[in-house]
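Only one structure is covered here, and it is reproduced in the block below.
The values are calculated or read from the model by the stated rules, or taken from the named source; none is laboratory data. Computed from a predicted structure; not experimentally measured. With ideal geometry, Cβ positions are generated from the backbone for all residues, glycine too; neighbour counts draw on all protein chains shown.
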Amino acid sequence: MLKLVKFLLRCLLRLLYKVEVTGMEHYARAGNRVLIVANHASLLDGVLLYAWLPETPTFAINTQAAVKKTYRPFLKFVDLFPMDPANPLSVKSMIKFLKEDRKAVIFPEGRITTTGVLMKIYEGPGLIADKSGATILPIAIEGTQYSPLSYMKGRGKIVLFPKIRLKALAPEKINIDASIQGHERRKAVMMAMQNLMYKLAFACYDYDNTVFGAILDAAKLFGKNHLVLEDINREPLTYSQLFTRAFILARALRGDTQSDERVGLLLPNVAAAIVSYLALQYLGRIPAMLNYTTGIQLLIKACETASIKTVYTSRRFIENVSLEAVAEELQGHVNLVYLEDLRGRIGLADKLIGLLRSYYPRAHYRRVSRHRSAGDPATILFTSGSEGVPKGVVLSHRNLLSNFAQVRCRIDFLPSDVFFSCLPLFHSFGLNVGCLMPLLGGSRIFLYTTPLHYRVIPELAYGTNATVLFGANTFLKGYARHAHAYDFNSLRYTLAGAEKLRDDTQKLWMEKFGIRILQGYGVTECSPVISVNTSLNHKIGSVGKLMPGMEAYLVPVEGIEAGGRLVVKGPNVMLGYLLHGSGGGLQPPLTDRGDGWYDTGDIAAIDPDGYIEILGRAKRFAKIGGEMISLTAVEELANAAWPDFNHAAVSLPDERKGEKIILVTDCDGAERKLFQAKAQELKYGELYIPREVVYVKELPVLGTGKTDYVTLTKTLAEEQETTA
């Protein structure tokens, strides 16, 4: 009877939800004493597990839910084990139950998610797995959060019958050192279960796809008429309109380039840039995002590094930012094509074909992309050039999509969200986090051309009801100084990256807006997010915990006792570098531990709970008298002495001690003796006191918001030679 009920239920669920089930072979491997854990996204979850699990295990259910009439019909088919995960007696009863070599299903969150992402994990499920010695069988449930039976109504997209996926992962056990006992053990098993649940959430998303294909999937889920993109021209675009424009433009671009060719985009943050990017993705070209703020020499070297023959730009953009001389010189090295000139190539037939394809985009794209894979190069970004000639960073489709999957495990970006995206598209946070992630997650993007308009951006954030804002510390501090106290009232998330978030910036935002800035950490080579603080896991001074699916270790550095050079690995780590003068060949990431490990070049410390603290760039340390001195620490001392100004510490050669530190600041009243007094007050040694304090009206800044240390060091070195 039960087998017939299960069979009929599976048939019904497949008919309604097109349920896809993988990994159930792990069920038999788990053995007899098994704790089955799953994420809890809707009232359907228990029904799905009942239908597809080979046997009928006991379901642990919250005591409050167990008394509801909703669950009474299930009592005829399954055994329910009412329990309160916060109650020690309930936990002990479940431990005893499992020790009898039985199987049970538990939802470690204890309730259905109301955010679409992982919620609080109780100690109980971890203790049950630990004390019972049970094997854990993780099962990921994806898609039910979009059904009317979820608790996401009013917060996310609701679809009557969304596609559902069940994915069982390999069984595992919680292994905690026997020496850890009491409160510390309870905390350790809870964190182990939380990490397992993040692993489960990461497994929910299928990132073996192409970027264009994944955005098509998002359009199907959130609706082709869902508004997703707007720029300063205030003409919102839906998914359908975005695809139509991309298909039309692609017909004009096809003749200029070949399949798999690296193609440059020299465009500002406008809708046309995203349309151009998607058109190249559709054609199977590799967009290379060029930094127009670096100057002509580095721009030419970037094109040479990536073997770029064709660059698309806009005549209006070139004129607006006075890049005529740059464009003229660049034209001598590449085929510079203006988007305005392409209009003459686009005829009525192109428009009609593009419009027609937008009605069946998935079917059409499947036909033209049969030979493309997730491991193919998808995008080329260039390092900022803050340490010399930019390197080309080649990111695959899998890199970009896996990073989206990682971030969505931690932060509940919703279709109702509005991303205020002003970081430039040639910057990894601007393109990947500010544009691709919201396109994949169904959120709306408002593109603004520059992050430097400190007075305009707060007003626009207010006018667009922005809910998500990304920025470097320099920019966030500038906005706060000029914003009205109500301008950022609609923000749900304010995230800082690219440079260290200063204490005075955090304090200013909290006091003026009541907003806690979440500091994250990423590098272009990791697509870019490596870690981020969240509402669930947050530690002041850290950059959060490692993304799910990533591993890390620290390489000892001479002269640094606490911490080491951070090396990471994961599906989001780049395919490799393109180096200038190497003929366009790819240099994959590699360390002494093997392929795929990437040395970030950052000095970091990782605490026992997994929080990462960035101590500074390896190249941002000065060796003075045999000791390693962090230039970042010198800058933080300067921030403590003069909090309302900007400071940069650089090192120059010194005959007596090897190197010397110069502090450059825009504080006119800064003096070395005042710095020395602050250092003594905060108990810093003499080696942290700069040899000189130099005043400048304005510190040089890269387009990404980072201090331009190369220009600064070069200028100071030249001045030193002149005065020598």
Count - residues of the stretch 373-430 that are of a type outside the set (D, E) and outside any helix (DSSP H, G or I): 37
Just to be sure, is S147 more than 29 Å from the chain's Cα centre (by Cα), of a type outside the set (D, E) and in the same structural domain as D45 (by TED's automatic domain parsing)? no
Scan the stretch 4-18 and give yes if some residue there is among the charged types (D, E, K, R) and without any contact (Cβ under 8 Å) to a residue 40 or more places away in the chain, otherwise no. yes
The one condition N269 fails out of (1) over 23 Å from the mean Cα position of the chain (by Cα); (2) outside any helix (DSSP H, G or I) is (1)
Regarding the stretch 197-205, can at least one residue be identified that is surrounded by fewer than 17 Cβ atoms within 10 Å (Cβ to Cβ), among the aromatic types (F, W, Y), under 30 Å from C11 (Cβ atoms) and out of contact with any Cys (no Cβ under 7 Å at 6 or more places or on another chain)? no
Does any residue in the stretch 32-54 that is in the same structural domain as R155 (by TED's automatic domain parsing) come within less than 7 Å, Cβ to Cβ, of a residue that is charged (D, E, K, R) and part of a helix (DSSP H, G or I) six or more places away or on a different chain, and which pairs are these? A38/D45; A51/K6; A51/R10; W52/R10
Going by the structure shown, is A302 of a type in the set (G, A, S) and in a helix (DSSP H, G or I)? yes
Would you be able to say whether some residue in the stretch 361-369 is surrounded by fewer than 24 Cβ atoms within 10 Å (Cβ to Cβ) and part of a loop (DSSP other than H, G, I, E, B)? yes
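Would you say I346 is modelled with pLDDT under 90 and closer than 28 Å to I445 by Cα? Break it down into steps so the answer makes sense when it comes.
Numbers: modelled with pLDDT under 90: yes; closer than 28 Å to I445 by Cα: yes.
Answer is yes for this residue.
Among the residues of the stretch 225-241 satisfying the criterion of being hydrophobic (A, V, I, L, M, F, W, C) and in contact (Cβ under 8 Å) with a residue 60 or more places away in the chain, which is surrounded by the most Cβ atoms within 10 Å (Cβ to Cβ)? Steps first, please.
So in the stretch 225-241, the residues hydrophobic (A, V, I, L, M, F, W, C) come out as 227-229, 232, 237.
If we keep only those that are in contact (Cβ under 8 Å) with a residue 60 or more places away in the chain too, we end up with 227-229, 232.
On the way: L227: 16, V228: 27, L229: 24, I232: 15.
So, considering only residues that are hydrophobic (A, V, I, L, M, F, W, C) and in contact (Cβ under 8 Å) with a residue 60 or more places away in the chain, the one surrounded by the most Cβ atoms within 10 Å (Cβ to Cβ) is V228.
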Any chance you could count how many residues in the stretch 670-715 are part of a loop (DSSP other than H, G, I, E, B), farther than 25 Å from K619 by Cβ and free of Cβ contacts under 8 Å to residues at least 24 places away in the same chain? 2
Selection count, the stretch 496-541, where residues are part of a strand (DSSP E or B), under 30 Å from L590 (Cβ atoms) and among the aliphatic types (A, V, I, L, M): 3
For residues that are closer than 15 Å to L423 by Cα and either surrounded by fewer than 17 Cβ atoms within 10 Å (Cβ to Cβ) or of a type outside the set (V, I, T) (or both), tally how many sit in the stretch 450-468. 10
Of all the residues that make up the stretch 197-241, how many are within 13 Å of H397 (Cβ to Cβ) and in contact with a strand residue (DSSP E or B) (Cβ under 6 Å, 6 or more places away or on another chain)? 1
Within the stretch 452-469, is there a residue that is at pLDDT 90 or above, out of contact with any strand residue (DSSP E or B) (no Cβ under 7 Å at 6 or more places or on another chain) and within 24 Å of M152 (Cβ to Cβ)? no
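Considering the stretch 161-193 alone, what residues qualify as being part of a strand (DSSP E or B) and crowded, with 19+ Cβ neighbours inside 10 Å?
Of everything in the stretch 161-193, those that are part of a strand (DSSP E or B) and crowded, with 19+ Cβ neighbours inside 10 Å turn out to be R165, L166, K167, A168.
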Filter the stretch 129-153 down to the residues that are part of a loop (DSSP other than H, G, I, E, B) and in contact with a Phe, Trp or Tyr (Cβ under 9 Å, 6 or more places away or on another chain) and list them by number. G143, S147, M152
Only one of G126, G156 is under 21 Å from L44 (Cβ atoms), of a type in the set (G, A, S) and either assigned to a loop (DSSP other than H, G, I, E, B) or out of contact with any Cys (no Cβ under 8 Å at 6 or more places or on another chain) (or both). Can you tell me which? G156
Which residue out of L229, L216, L221 is in the same structural domain as T313 (by TED's automatic domain parsing), within 24 Å of the chain's Cα centre (by Cα) and within 18 Å of G116 (Cβ to Cβ)? L221
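Can you tell me which residue is modelled with the highest pLDDT among those in the stretch 431-451 that are in contact with a Cys (Cβ under 7 Å, 6 or more places away or on another chain) and in a loop (DSSP other than H, G, I, E, B)? Don't jump to the end; show me each part of the working.
As a first pass, look at the stretch 431-451 and keep what is in contact with a Cys (Cβ under 7 Å, 6 or more places away or on another chain): 445, 448, 450-451.
Add one more test, that the residue is in a loop (DSSP other than H, G, I, E, B), and what stays is 448, 450-451.
Numbers: Y448: 95, T450: 90, P451: 90.
It comes out as Y448.
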Is it true that A192 is under 25 Å from G570 (Cβ atoms) and either in the same structural domain as K92 (by TED's automatic domain parsing) or at pLDDT below 90 (or both)? yes
May I ask you to verify whether L290 is under 22 Å from V701 (Cα atoms), assigned by TED's automatic domain parsing to the domain that holds L242 and modelled with pLDDT of 90 or more? yes
Just to check your reading of the model, which residue among G441, G434 is buried (at least 24 other Cβ atoms within 10 Å of the Cβ), in contact (Cβ under 8 Å) with a residue 60 or more places away in the chain and out of contact with any helix residue (DSSP H, G or I) (no Cβ under 6 Å at 6 or more places or on another chain)? G441
Would you point out which residue out of L13, L9 is surrounded by 17 or more Cβ atoms within 10 Å (Cβ to Cβ) and either modelled with pLDDT of 85 or more or in contact with a Cys (Cβ under 9 Å, 6 or more places away or on another chain) (or both)? L13
Can you spot a residue in the stretch 109-121 that is assigned by TED's automatic domain parsing to the domain that holds A192, in contact with a Phe, Trp or Tyr (Cβ under 6 Å, 6 or more places away or on another chain) and among the polar types (S, T, N, Q)? yes
Does the stretch 300-318 hold any residues that are in contact with a helix residue (DSSP H, G or I) (Cβ under 6 Å, 6 or more places away or on another chain) and of a type in the set (A, V, I, L, M), and which are they? I318
Yes or no: S307 farther than 25 Å from K224 by Cβ, touching a residue at least 12 places away in the same chain (Cβ under 8 Å), of a type outside the set (A, V, I, L, M, F, W, C) and not in a helix (DSSP H, G or I)? yes
Given (1) among the charged types (D, E, K, R); (2) at pLDDT 80 or above; (3) surrounded by 15 or more Cβ atoms within 10 Å (Cβ to Cβ), D84 misses just (2)
